[in-house]
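Novice: Below: one structure in structure tokens.
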Amino acid sequence: MHGEESIRHDLELLDRAMTRRRLLRGGLAIGGGALALPLLGACASGGSTAATQSSGGSIAGTIDFISYVAYDLKFPLMNKWRSSHGIDLKSTYISDQSEVTAKLTSPAGHGLYNLSSYSAQYAPFYKKLGILTPLDMSKIPNYANSMPFFKSGKIWSEYWNFDGHQWGVPFTWGYDSINYNAAKIKPITKTSDFLLPELKNKFAVADDMLGMILMSAQSLGIANPRGLFTTSQLNQIVAFLTKMKKNARTVASGFGDIVNLYASGEIVANISGFPGMQVLVAQKGITTIRSALPEEGSLSYCDTYFIPAGGNDTASVYAFINECLTPPMQAQEAGYLQAGVTTVNGAAAVAAPNRVYVPYNDVTSLFEKAPLFGLPFSPPAGYASFTDWTNAWESVKAS
Amino acid sequence: MGIGQGVLTATRRQQTPAPARRRWALLLLLPLGVAISLGFVVPLALLFVKSFETSLGYGQVSGHLTFSSYVTALTSPLYRTVAVNAFEIGGIGTVLTLVLSFPLAYFIRFRLRRGQHTVLLLIMISLFAGYIVKIYAWATILGTYGVINTALQDIGLIRHPLSVLLFSKIAVLIVVTYLSIPVSTLILVGAMQNVDRSLLENARDLGAGGLRAVTSVLVPLSMTGIVASLAYGFVVISGDYITPQLVGGTTGQMIGVPISDQFLSVGDQPLGSALSFLMLAVFVIVYLVLTRLERFKGV
């Protein structure tokens, strides 16, 4: 792609309505790529195989991938590894997790893909739908080097390893933050600060349903780890968010859009966001953006590779997953996705500019303040479902 | 081929029976018919069926047919609010587009002695620029520190930037009108090409003023183009879901956004399809009403 087409492509990536993961595409388009390039250059000579435990055997084949842009990790070091092992990559990109659900549950989509990803909380739901495959962990030896949070404990047994099998491999994670321009306003420390009159027309609300609902629930003191709200509680959240929206300058279509709004001086704060936005806005000349985890708490996310049921040619997929857990690849991934990596050695290899995205020194504490909330796909009677959440967010936007 | 032979061929063509000519015409139209069927009718039919399926949530559907999506779409205050907003912006934007593009088309068709084709080419070139790029350009122009606010402050008309210029219904109206003007102008110029300049001159000779000549002669004779322009503008503007997201702020939400969200975020394809078909029904009704305007043609 060249010239205007390229710009258009970047803008489209940046400015379509985004969830957090869609942000990754935007971040990649203007920030992540730029940030990663010097690091890629620095690391390109460091081959990944030295630190890799080989999964053995021939791994040549085709990876038929379906997930978000950038989750196929098409950075130079990984590209080099794939081509050196004769692995082709065919990618289908989505804009929301529901597209994976729809594709993999339709008869036409069965067997078409051999690599995908799910947000951690989707695991029980996907297991119920029969679209997960139990993983042969002997083919992913590098998983053993994962941080304790990702290979043991309660969350691990809820989202990655249950019913006697490992169903997915967590590879990227992060949390939702609030951001503000420290040169223009005093620090914002709470979600409820966005209701204050002094911020009227000065901040952007991200079109991020999950982030906005769960951060509001935290602020209202009604959040619970399973993500269950009664209808009355959901109405409380809607009222809170409606008030906040009326105080906002705009509902930004995506995080990339918010970066541009900071740069053009239209806003001095935003909710929700992510710590990497400091870096993205700094690339546009404003170095005073600061991130904060709200005092009331926030939420985390963790995306997980899995092999869809019916997927063939899995030797190359196992090798790919195993390879992405090596320290050199993890170091690249952190900059490429502007997020946290999951292995101990990988985290140690992440370069300083890319360490701002997550607090590697205190992962457990972070997940306590910003839990991986459950999502109500099949809530008990009397509780709002995930669809109710999305409708609630739509009503806030339309109010 | 000699002249005599040519005349003979022409004569034979004239003698070709009407049914045979119709068969040829149908044969020539066949590729277009196939393309439209495959690219438009079939997907639309599939979407129509989808609108009656039952959503199981999260992108899944069952084959059980029901009206529930239509009931939701018609009874939910949420969709009513954004639909009204969309049709309001669509209606005003369409009229604005016509008001601005009609004089431009008139100027190109009847006032420009030379360079008509160059101007039309420039208008077409403007269509090649990316849609989102153009919206972003307007965000820059309308912004707090944008060209308009800066100019107004520089000449002393305002002390503080007008925040209403961006992230408002006004911003959406300005952008959608701007985006619709080129196509609308091309449609109107095309319609005016069939209007003989001498008819306007005759009207002037008979004592009509410039405006009277236009309203009494040009407008009726261009009615087909005016109707096409209005229909085009209304459909494109009311259905827009990118512009409201980028410059609409907290008040400029339109129905296209929730439709898009049903497909991309919520995963309720039947509801998204039902909303789309209800929009389509409104567009068809508006089109039928507009075509009644053509009765004024040639008055």
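The values are calculated or read from the model by the stated rules, or taken from the named source; none is laboratory data. Fair warning: this is a prediction, and the values are worked out from it, not measured in the lab. All Cβ positions, even for glycine, are placed from backbone atoms using ideal geometry, and neighbour counts span all protein chains on display.
Novice: Can you confirm whether A:SER219 is touching a helix residue (DSSP H, G or I) at 6+ places or on another chain (Cβ under 8 Å) and outside any strand (DSSP E or B)? Give the steps one after another, and end with the answer.
Specialist: Numbers: touching a helix residue (DSSP H, G or I) at 6+ places or on another chain (Cβ under 8 Å): yes; outside any strand (DSSP E or B): yes.
Spelling it out, A:SER219 is indeed touching a helix residue (DSSP H, G or I) at 6+ places or on another chain (Cβ under 8 Å) and outside any strand (DSSP E or B).
Novice: Can you report the number of residues in region A:346-376 which are crowded, with 17+ Cβ neighbours inside 10 Å and in a helix (DSSP H, G or I)?
Specialist: Residues that pass the stated criteria total 9.
Novice: Taking the stated definitions as given, is A:TYR301 over 21 Å from A:ASN354 (Cα atoms) and more than 14 Å from chain B (Cβ to nearest Cβ)? So that I can check it myself, show each step before the final result.
Specialist: Working: over 21 Å from A:ASN354 (Cα atoms): no; more than 14 Å from chain B (Cβ to nearest Cβ): yes.
For A:TYR301, the condition - over 21 Å from A:ASN354 (Cα atoms) and more than 14 Å from chain B (Cβ to nearest Cβ) - is not met.
Novice: Right, something else. Would you tally the residues in region A:103-121 being out of contact with any Phe, Trp or Tyr (no Cβ under 8 Å at 6 or more places or on another chain) and assigned to a helix (DSSP H, G or I)?
Specialist: Matching residues across region A:103-121 total 4.
Novice: Let me ask something else about it. Would you call A:LEU228 among the hydrophobic types (A, V, I, L, M, F, W, C), within 17 Å of A:ALA204 (Cβ to Cβ) and buried (at least 17 other Cβ atoms within 10 Å of the Cβ)?
Specialist: Values: among the hydrophobic types (A, V, I, L, M, F, W, C): yes; within 17 Å of A:ALA204 (Cβ to Cβ): no; buried (at least 17 other Cβ atoms within 10 Å of the Cβ): yes.
Spelling it out, it is not the case that A:LEU228 is among the hydrophobic types (A, V, I, L, M, F, W, C), within 17 Å of A:ALA204 (Cβ to Cβ) and buried (at least 17 other Cβ atoms within 10 Å of the Cβ).
Novice: Right, something else. Scan region B:120-140 residue by residue and report those that are in contact (Cβ under 8 Å) with a residue 12 or more places away in the chain and over 16 Å from B:ILE181 (Cβ atoms).
Specialist: Within region B:120-140, the first condition is being in contact (Cβ under 8 Å) with a residue 12 or more places away in the chain, and the residues that meet it are B:120, B:123-124, B:126-127, B:131-132, B:134-136, B:138-139.
Passing the criteria: B:ILE132, B:TYR136, B:ALA139.
Residues are listed down the side, and each one gets a yes or a no for (1) touching a residue at least 12 places away in the same chain (Cβ under 8 Å); (2) among the polar types (S, T, N, Q); (3) in contact with a Lys or Arg (Cβ under 6 Å, 6 or more places away or on another chain); (4) farther than 20 Å from B:VAL235 by Cα:
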{"site": "B:ILE148", "(1), (2), (3), (4)": "yes, no, no, yes"}
{"site": "B:GLN153", "(1), (2), (3), (4)": "no, yes, no, yes"}
{"site": "B:ILE158", "(1), (2), (3), (4)": "no, no, no, yes"}
{"site": "B:LEU162", "(1), (2), (3), (4)": "yes, no, no, yes"}
{"site": "B:ALA171", "(1), (2), (3), (4)": "yes, no, no, no"}
{"site": "B:ILE174", "(1), (2), (3), (4)": "yes, no, no, no"}
{"site": "B:TYR178", "(1), (2), (3), (4)": "yes, no, no, no"}
{"site": "B:LEU186", "(1), (2), (3), (4)": "yes, no, no, no"}
{"site": "B:ASP205", "(1), (2), (3), (4)": "no, no, no, yes"}
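Novice: Among the residues of region A:222-274, count how many are farther than 27 Å from A:GLY374 by Cβ and of a type outside the set (Gly, Ala, Ser).
Specialist: Final tally of qualifying residues: 13.
Novice: I would also like to ask the following. Step by step: first the residues of region A:70-106, then only those that are of a type in the set (A, V, I, L, M) and within 14 Å of chain B (Cβ to nearest Cβ), then the one that is surrounded by the most Cβ atoms within 10 Å (Cβ to Cβ). Which residue is that? Walk me through it before giving the result.
Specialist: Taking region A:70-106 as the starting set, the residues that turn out to be of a type in the set (A, V, I, L, M) are A:70, A:73, A:77-78, A:87, A:89, A:94, A:100, A:102, A:104.
Filter once more, keeping what is within 14 Å of chain B (Cβ to nearest Cβ): A:94, A:100, A:102, A:104.
Working: A:ILE94: 21, A:VAL100: 28, A:ALA102: 19, A:LEU104: 26.
Looking at the filtered set, the residue picked out is A:VAL100.
Novice: Where residues in region A:377-389 are within 11 Å of chain B (Cβ to nearest Cβ) and in a loop (DSSP other than H, G, I, E, B), which of them is surrounded by the fewest Cβ atoms within 10 Å (Cβ to Cβ)? Full working, then the answer.
Specialist: Pass one, region A:377-389, residues within 11 Å of chain B (Cβ to nearest Cβ): A:377-378, A:385-389.
Filter once more, keeping what is in a loop (DSSP other than H, G, I, E, B): A:377-378, A:385.
Working: A:PHE377: 19, A:SER378: 12, A:SER385: 18.
Applying the filter and picking the extreme gives A:SER378.
Novice: Regarding region B:275-298, can at least one residue be identified that is within 14 Å of another protein chain (Cβ to nearest Cβ), crowded, with 17+ Cβ neighbours inside 10 Å and either among the basic types (Lys, Arg) or touching a helix residue (DSSP H, G or I) at 6+ places or on another chain (Cβ under 7 Å) (or both)?
Specialist: Step one: filter region B:275-298 for residues within 14 Å of another protein chain (Cβ to nearest Cβ), giving B:275.
Next, only the ones that are crowded, with 17+ Cβ neighbours inside 10 Å stay: B:275.
If we keep only those that are either among the basic types (Lys, Arg) or touching a helix residue (DSSP H, G or I) at 6+ places or on another chain (Cβ under 7 Å) (or both) too, we end up with B:275.
Checking region B:275-298: at least one residue is within 14 Å of another protein chain (Cβ to nearest Cβ), crowded, with 17+ Cβ neighbours inside 10 Å and either among the basic types (Lys, Arg) or touching a helix residue (DSSP H, G or I) at 6+ places or on another chain (Cβ under 7 Å) (or both).
Novice: Test each condition in (1) within 14 Å of chain B (Cβ to nearest Cβ); (2) over 17 Å from the mean Cα position of the chain (by Cα) for A:GLY211 and report the one that comes out false.
Specialist: Condition not satisfied by A:GLY211: (2).
Novice: Mind telling me which of the residues A:ASP313, A:ASP303, A:ASP362 ends up being within 29 Å of A:LYS90 (Cα to Cα) and out of contact with any helix residue (DSSP H, G or I) (no Cβ under 9 Å at 6 or more places or on another chain)?
Specialist: Values: A:ASP303 fails: out of contact with any helix residue (DSSP H, G or I) (no Cβ under 9 Å at 6 or more places or on another chain); A:ASP362 fails: within 29 Å of A:LYS90 (Cα to Cα).
So the residue among A:ASP313, A:ASP303, A:ASP362 that is within 29 Å of A:LYS90 (Cα to Cα) and out of contact with any helix residue (DSSP H, G or I) (no Cβ under 9 Å at 6 or more places or on another chain) is A:ASP313.
Novice: Pick from region A:147-199 the residues that are among the hydroxyl-bearing types (Ser, Thr, Tyr) and surrounded by fewer than 23 Cβ atoms within 10 Å (Cβ to Cβ): which of them is nearest to A:CYS324 (Cα to Cα)? Break it down stepwise before answering.
Specialist: Going residue by residue through region A:147-199, those that are among the hydroxyl-bearing types (Ser, Thr, Tyr) are A:152, A:157, A:159, A:172, A:175, A:177, A:180, A:189, A:191-192.
Okay, now just the ones that are also surrounded by fewer than 23 Cβ atoms within 10 Å (Cβ to Cβ), so A:152, A:157, A:189, A:192.
Values: A:SER152: 20, A:SER157: 22, A:THR189: 35, A:SER192: 39 Å.
Within region A:147-199, the match that is nearest to A:CYS324 (Cα to Cα) is A:SER152.
The rows are residues; the columns are (1) at pLDDT 95 or above; (2) hydrophobic (A, V, I, L, M, F, W, C); (3) more than 20 Å from A:ALA204 (Cβ to Cβ).
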residue: A:ILE307; (1), (2), (3): yes, yes, yes
residue: A:GLN338; (1), (2), (3): no, no, no
residue: A:THR343; (1), (2), (3): yes, no, yes
residue: A:ARG355; (1), (2), (3): no, no, yes
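Novice: Within region B:118-131, identify whether any single residue is touching a Lys or Arg at 6+ places or on another chain (Cβ under 6 Å) and either within 14 Å of chain A (Cβ to nearest Cβ) or outside any helix (DSSP H, G or I) (or both), and answer yes or no. Please lay out each step first, then the result.
Specialist: First pass over region B:118-131, keeping only residues touching a Lys or Arg at 6+ places or on another chain (Cβ under 6 Å): B:130.
If we keep only those that are either within 14 Å of chain A (Cβ to nearest Cβ) or outside any helix (DSSP H, G or I) (or both) too, we end up with B:130.
Scanning region B:118-131 turns up at least one residue that is touching a Lys or Arg at 6+ places or on another chain (Cβ under 6 Å) and either within 14 Å of chain A (Cβ to nearest Cβ) or outside any helix (DSSP H, G or I) (or both).
Novice: To continue, here is another question. Just a yes or no: is a residue in region A:139-160 in a loop (DSSP other than H, G, I, E, B), touching a strand residue (DSSP E or B) at 6+ places or on another chain (Cβ under 7 Å) and within 14 Å of another protein chain (Cβ to nearest Cβ)?
Specialist: Checking region A:139-160: not a single residue is in a loop (DSSP other than H, G, I, E, B), touching a strand residue (DSSP E or B) at 6+ places or on another chain (Cβ under 7 Å) and within 14 Å of another protein chain (Cβ to nearest Cβ).
Novice: Here is a follow-up. Restricting to region A:237-282, and then to whatever is among the hydroxyl-bearing types (Ser, Thr, Tyr) and surrounded by fewer than 23 Cβ atoms within 10 Å (Cβ to Cβ), can you tell me which residue is farthest from the other protein chains (Cβ to nearest Cβ)? Write out each step before concluding.
Specialist: Kept after step one, since they are among the hydroxyl-bearing types (Ser, Thr, Tyr), are these residues of region A:237-282: A:242, A:250, A:253, A:262, A:264, A:272.
Pick out the ones that are also surrounded by fewer than 23 Cβ atoms within 10 Å (Cβ to Cβ) and you get A:242, A:264.
Working: A:THR242: 10, A:SER264: 5 Å.
The residue in question is A:THR242.
Novice: Which of the residues belonging to region A:321-338 are in a loop (DSSP other than H, G, I, E, B) and farther than 18 Å from A:TYR143 by Cβ?
Specialist: So the first thing to find is which residues in region A:321-338 are in a loop (DSSP other than H, G, I, E, B), and the list is A:325-326, A:338.
A:GLN338, the sole residue that qualifies.
Novice: Given the structure, is B:LEU186 more than 20 Å from B:LEU96 (Cβ to Cβ), among the aliphatic types (A, V, I, L, M) and buried (at least 18 other Cβ atoms within 10 Å of the Cβ)? Walk me through how you get there before you give the answer.
Specialist: Working: more than 20 Å from B:LEU96 (Cβ to Cβ): no; among the aliphatic types (A, V, I, L, M): yes; buried (at least 18 other Cβ atoms within 10 Å of the Cβ): yes.
So B:LEU186 does not fit the description; no.
Novice: Can you tell me which residue is farthest from A:ARG249 (Cα to Cα) among those in region B:232-248 that are away from chain A (no Cβ under 11 Å) and surrounded by 24 or more Cβ atoms within 10 Å (Cβ to Cβ)?
Specialist: Here the residue is B:GLY233.
Novice: Could you go through region B:2-16 and let me know if any residue there is surrounded by 14 or more Cβ atoms within 10 Å (Cβ to Cβ) and either modelled with pLDDT under 90 or closer than 30 Å to A:PHE125 by Cβ (or both). Break it down stepwise before answering.
Specialist: Step one: of region B:2-16, the residues surrounded by 14 or more Cβ atoms within 10 Å (Cβ to Cβ) are none.
The answer is no; no qualifying residue exists.
Novice: Select, from A:ALA347, A:ALA351, A:ALA292, A:ALA381, the only residue that is assigned by TED's automatic domain parsing to the domain that holds A:ASP136 and either within 18 Å of the chain's Cα centre (by Cα) or over 24 Å from A:PRO148 (Cβ atoms) (or both). Full working, then the answer.
Specialist: On the way: A:ALA351 fails: either within 18 Å of the chain's Cα centre (by Cα) or over 24 Å from A:PRO148 (Cβ atoms) (or both); A:ALA292 fails: assigned by TED's automatic domain parsing to the domain that holds A:ASP136; A:ALA381 fails: assigned by TED's automatic domain parsing to the domain that holds A:ASP136.
Criteria check complete, one pass: A:ALA347.
Novice: Still on this structure, I have one more. Anything in region A:121-145 that is closer than 15 Å to A:LEU372 by Cβ and among the polar types (S, T, N, Q)? List them, or say none. Break it down into steps so the answer makes sense when it comes.
Specialist: Narrowing region A:121-145 to residues closer than 15 Å to A:LEU372 by Cβ: A:121-125.
Across region A:121-145, the qualifying residue is only A:GLN121.
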